[in-house]
Amino acid sequence: MTILAIESSCDETAAAVIKDGKILSTIIASQAKMHAKFGGVVPEVAARSHITAIIPTVDLALQQARTKLTDLDYIAVTQGPGLMTSLMVGIDTAKALGAALNIPVIPVNHLEAHIYANFTGSSPTPPQRGGARTPLPFREMLTTSPAVGNWLGEGHKVFPSLILIVSGGHTLLVEMKKHSVYRILGETVDDAAGEAFDKTAKMLKLGYPGGPMISKLAQTGNPQAFDFPRPMINSGNFEFSFSGLKTAVLYTVQGLARSSKKLDIRTKQNLAASLQTAIVDVLISKLEKAILRYKPKTIMLGGGVAANSLLRERFKLLSTKYKLHASIPAFEFCTDNAAMIGLAAYYRLKNNNAHFGKNFSADPNLHLK
Ligand code: KG4
Ligand code: ZN
């Protein structure tokens with residue numbers, strides 16, 4: 001079963017080829033540099049850039065997988081959530097290819113796909129290098145850093161699993177009872193965890209995306225330097241809130257600007273470390289409470305913020321404390337990519353609950369159900 005997967009929900013144009021659940025290729029054309037000068041994703045710029053990048057990205061993914069269009073059985077594409085005009089580029093491309101090849105197109109929920117970034121298997125086959133190159137800023141993946149704890153396929157019972165999905169647009173704690181069966185235990189009532197990283201980075205003029213920059217600065221900062229709030233840490237439920245934290249950082253930065261103290265590198269390091277610790281404290285505390293209440297067999301992490309070293313470390317500690325098998329995607333599968341889209345489709349096909357749609361359209365607010 002060979003699937004071509006396409007992802008274009010935000011600012012990465014990505015394509016991948018998945019054969020029988022194995023990743024043959026995964027290509028990303030990143031727009032990060034284009035958006036960096038605006039300090040965030042500009043939807044019009046993103047959509048236009050997807051249009052120019054999508055065909056070369058698909059071509060390269062097929063080429064690296066040594067797969068012809070006629071070898072494909074399915075096309076999987078992100079339906080949502082995401083930016084409307086960005087999603088539309090991927091969906092229109094998928095539908096056009098599906099119609100031309102007369103094969104089904106499978107709409108995939110991007111949040112479900114972040115979960116399936118944990119299902120890459122322990123040793124994806126490296127792609128064949130070489131072939132024609134285009135001037136687009138492609139990233140070819142599968143270099144590859146190992147996923148942490150890859151219990152899948154090793155005979156461990158996976159479900160029920162608790163999953164923390166933390167990305168630029170979402171923060172969710174999900175119970176997964178079996179493939180495609182989810183219960184949302186809680187989500188953010190305002191900003192996502194990734195947004196708190198990105199907005200703080202913007203305040204500190206560190207560029208976009210902010211998560212990796214904050215994470216790097218935090219390595220040499222003092223996490224106790226600033227006493228930032230841990231919003232809703234004791235709320236008694238599994239909801240999150242990060243907008244108050246962002247405001248607390250803003251007031252601190254404004255206060256520092258008014259005082260004679262400069263926003264020097266040391267202060268930025270301390271702000272980054274204090275913010276990162278506040279965010280991770282909340283995420284880990286809620287996950288721990290959910291472990292105690294729902295007694296999962298495994299825990300998983302997903303989404304761009306899962307690339308954060310402190311979060312990965314604390315997540316591993318939690319799994320050791322409760323003797324749970326834990327999985328964290330390899331770094332390159334945390335942030336947006338198409339391999340996870342193809343894997344989500346693959347597992348739905350395998351379990352006979354894939355959606356096939358000729359008439360589906362982009363859904364910027366698609367929920368995980
Ligand atoms: O999953 P993703 O690529 O896109 C969405 O679906 O939103 O997540 C992007 C988010 C951004 O907010 C980015 O700042 C954050 O993931 N991120 C990180 C790190 N790497 C990416 N946040 C914290 N630490 C990191 N190392
Ligand atoms: Zn994402």
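Read the figures in this text as sums done on the coordinates, not as results from a lab. Everything quoted here is computed from the prediction, not taken from an experiment. Virtual Cβ from ideal backbone geometry, glycine too; neighbours counted across all protein chains shown.
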Rounding to the nearest 20 debye, state how big the charge dipole of the range 267-369 is about its Cα centre with +1 on each Lys and Arg Cβ and -1 on each Asp and Glu Cβ.
500
Can you work out ³J(HN,Hα) from phi for every residue in the range 240-246, in order, using Karplus 6.51 cos²θ - 1.76 cosθ + 1.60 and θ = phi - 60°, giving whole Hz and x for Gly and Pro?
10, 8, 10, 6, x, 5, 4
Run through the range 1-41 and list the trypsin sites (Lys or Arg not before Pro) located in a DSSP loop whose Cβ has at most 10 other Cβ atoms within 10 Å.
Lys37
Packing rank of 287-299, 182-194, where each peptide gets the mean count of other beta carbons within 10 Å, highest leading:
182-194, 287-299
Output the antiparallel fraction of DSSP beta bridges having both residues in the chain, as a percent to the nearest 5.
60
Can you list the lysines whose alpha carbon sits under 19 Å from that of Lys205, skipping same-chain ones fewer than 8 residues off?
Lys33, Lys37, Lys216, Lys246, Lys261, Lys262, Lys268
Under 5 Å between amide H atoms, partner at least 5 residues away or on a different chain: which partners does Ile233 have, H built in plane at 1.01 Å?
none
Pairwise FRET efficiency - Lys37 versus Val189, Cβ, R0 = 25 Å, nearest 0.05:
0.20
Given Cβ charges of +1 for Lys and Arg and -1 for Asp and Glu, the option among Ala14, Leu256, Leu301 whose Cα lies farthest towards the positive end of the dipole of the chain is Leu256
Read phi for every residue in the range 250-263 and hand back ³J(HN,Hα) as whole Hz from Karplus 6.51 cos²θ - 1.76 cosθ + 1.60, θ = phi - 60°, with x for Gly and Pro.
4, 4, 5, 5, 5, x, 5, 5, 6, 6, 6, 5, 8, 7
Sorted by mean Cβ packing within 10 Å, highest first, what order do the peptides 62-68, 80-86, 252-258, 105-111 take?
105-111, 80-86, 62-68, 252-258
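I'd like to compare 163-172, 51-60, 220-229: which one has the highest average count of other Cβ atoms within 10 Å, and what's the full order after that?
Those peptides, ordered most packed to least, come out 163-172, 51-60, 220-229.
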Dipole magnitude (debye, nearest 20) for the range 1-58, charges at Cβ of Lys, Arg, Asp, Glu
140
Step through the residues of the range 69-86 one at a time and calculate ³J(HN,Hα) from phi using the Karplus curve (6.51 cos²θ - 1.76 cosθ + 1.60, θ = phi - 60°), rounding each to whole Hz and writing x for Gly and Pro.
4, 6, 7, 6, 9, 9, 10, 10, 8, 5, 8, x, x, x, 7, 3, 5, 6
Calculated FRET efficiency, Lys262 and Glu288, Cβ-Cβ r, R0 25 Å, to nearest 0.05?
0.05
Select from Ala196, Leu368, Gln31 the residue farthest towards the positive end of the dipole of the chain; place +1 on Cβ of Lys and Arg, -1 on Cβ of Asp and Glu, and compute about the Cα centre.
Ala196
For the range 1-122, the Cα-Cα pair-distance distribution in 5 Å bins from 0, as whole percents, is 2, 12, 22, 25, 20, 12, 5, 2, 0
If you project the alpha carbons of the chain onto their three principal axes, what span does each projection cover, largest first, in Å?
65, 45, 36
List every residue whose amide H lies under 5 Å from the amide H of Asp191, counting only residues 5 or more places away in sequence or on a different chain, with H placed 1.01 Å from N in the peptide plane.
Phe242, Ser243
